[in-house]
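Colleague: Supplied in structure tokens, the structure appears directly below.
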Amino acid sequence: MNSTRAYNGFNQDSTACTNEYGVAMTMSVTAFANNASLEADPLVPEGLTEFAAVDLVVCQSKTAREAVEKLCGIIDKYGSSESNIAIISDQNETWYVEMYTGHQYAAVKMPKDKVAVFGNEFTLEYLSDYEDNITSKNLTKLAEEKGFAVHGKNNEINLFDTYSGKEMTFDYSHRRTWMGHQLLSPSNYSADYNLNAMYHLCFTPDKNVSIEDVCQIIRNRFEGTEFSPEENGRIDVRVIGTDTALSVHALQVFPDLPAEMSCVSWVSTGPALYGVFVPVSNDCLNVSEAYGANQAAKDKETFDTDHYPYYVFKELNTRCLEPEDYQAYGKPIRAYWKEAEHNMFEGMSKVNKKAATMNDKDARAKYITAYCNEKQTQAFNDGKVLLDDVIWTQNKNSKTLKLKLNPETHELTGEKIEIPPINITLNATKYKNIPEAPDEGFPFKLPFT
């Protein structure tokens, strides 16, 4: 929003983007190249930045490979001002791109039977491990000539050791990479974190991974480990489910739908921990009034929960984050949103299936838009109700006097007051509702008011 940009001084940042050809891209992961590679090929101050890359690339690409070539071509011509990581997909393939220095990069086509999880760090090692790749012209030549190349198996250059290495591996990022591997493949990765362990880019999960699994990983705060802020009071840990996010996205691509309706951006405005992911299809004509609202720059310090979803979900996160608040408020709220999201994940698939049978593309777009907008509006309204319940209960209970009183003598009993979980009266089954597809040939009207 303009208010956020005015307050933080940020440029406009397209964190995630999809288009009508089914191309989806995200490039909001900053990583870190080592000093030797940056000295050999410095970053270009006026070069490409993550603030400009995503919509710039996706708006002129019809396939994932073409998008990779566009991205790399921009770096070839203008250089890069940052070290970043991008993921680019279409209905047929997914590409992973590491951008190391001013002009050096490596992109690999991902295997279809693997998963990848990474924090703010490079993890690509050998190009030979992948079916296809696109690299900068001097990727290996520069490293060889400048003397910082590191070779590994079969004397092949190890890109991780060459352009990043353990000198650029930090707990801040590495713990999140480890946690992702632990969550998806506990049979293959130790439950004990190791800063020196190599967590490979691609690995086999213990079971198939759903969009629901992905959204729960995004919320992870190292629960059940020694690094949990809530369970062990750690204030020195960068968790996955941070409470400072302006927005969070999960991009889902359906391989068996018409390209112009094949992508769904699941969007959480504000932190996702106690927020909710709502759908925005690439076939949507618009978003709901609340999710499309743009707070003016002059209102940059106005915390407005009446009109903007970001503030509602940010406030819910703040009020539910402390350990004692989690049991009373956070846990039941997360359970409610989990059920609501489950219903929306299923509902979006059903809507897409119905929409795919419609010959009138305009009516189809209106149908999909109606569903997505209605769920966005539901989520915003429910968020306001939940926030009101939390505020009411928190203000009703003392933050200072936390011992029970004898009702007859009013003496302190020494027994601590335990606030029971809030009773959520909202009904998450309403998120199962999907509109009927309009009959062929009839003018389509939005089924929701």
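The values are calculated or read from the model by the stated rules, or taken from the named source; none is laboratory data. Remember, it's a predicted structure, so these values are computed and weren't measured experimentally. Cβ: placed from backbone, ideal geometry, glycine included. Neighbour counts: every protein chain shown.
Colleague: Could we say that residue 293 is over 21 Å from residue 433 (Cβ atoms) and more than 20 Å from the chain's Cα centre (by Cα) here?
Modeller: yes
Colleague: Being of a type in the set (D, E, K, R), over 24 Å from residue 260 (Cα atoms) and not in a loop (DSSP other than H, G, I, E, B): is that true of residue 339 here?
Modeller: Numbers: of a type in the set (D, E, K, R): yes; over 24 Å from residue 260 (Cα atoms): yes; not in a loop (DSSP other than H, G, I, E, B): yes.
Spelling it out, residue 339 is indeed of a type in the set (D, E, K, R), over 24 Å from residue 260 (Cα atoms) and not in a loop (DSSP other than H, G, I, E, B).
Colleague: Taking the condition of being surrounded by 15 or more Cβ atoms within 10 Å (Cβ to Cβ) and not aromatic (Phe, Trp, Tyr), how many residues in the stretch 158-196 meet it?
Modeller: Within the stretch 158-196, residues that are surrounded by 15 or more Cβ atoms within 10 Å (Cβ to Cβ) and not aromatic (Phe, Trp, Tyr) number 21.
Colleague: How many residues are in a strand (DSSP E or B) and more than 10 Å from the chain's Cα centre (by Cα) when one looks only at the stretch 266-279?
Modeller: Of the residues in that region, 3 qualify.
Colleague: Take the stretch 216-244 and flag every residue that is among the aliphatic types (A, V, I, L, M) and surrounded by fewer than 17 Cβ atoms within 10 Å (Cβ to Cβ).
Modeller: Answer for the stretch 216-244, where residues must be among the aliphatic types (A, V, I, L, M) and surrounded by fewer than 17 Cβ atoms within 10 Å (Cβ to Cβ): just 235.
Colleague: Quick check on my filter: what residues within the stretch 9-35 are assigned to a loop (DSSP other than H, G, I, E, B) and at pLDDT 95 or above?
Modeller: 19, 20, 21, 22, 23, 31, 32, 33, 34, listed by residue number.
Colleague: Over 18 Å from residue 429 (Cβ atoms) and either surrounded by fewer than 19 Cβ atoms within 10 Å (Cβ to Cβ) or not assigned by TED's automatic domain parsing to the domain that holds residue 273 (or both): which single residue out of 335, 370, 356 fits that description?
Modeller: 356
Colleague: Shifting gears a bit: Can you name every residue in the stretch 374-418 that is surrounded by fewer than 18 Cβ atoms within 10 Å (Cβ to Cβ), in contact with a strand residue (DSSP E or B) (Cβ under 7 Å, 6 or more places away or on another chain) and touching a residue at least 12 places away in the same chain (Cβ under 8 Å)?
Modeller: Scanning the stretch 374-418 gives 402, 403, 404, 415, 416, 417.
Colleague: Let me ask you something else. Going through the stretch 127-137 one residue at a time, which ones are surrounded by 17 or more Cβ atoms within 10 Å (Cβ to Cβ) and assigned to a loop (DSSP other than H, G, I, E, B)?
Modeller: 130, 136
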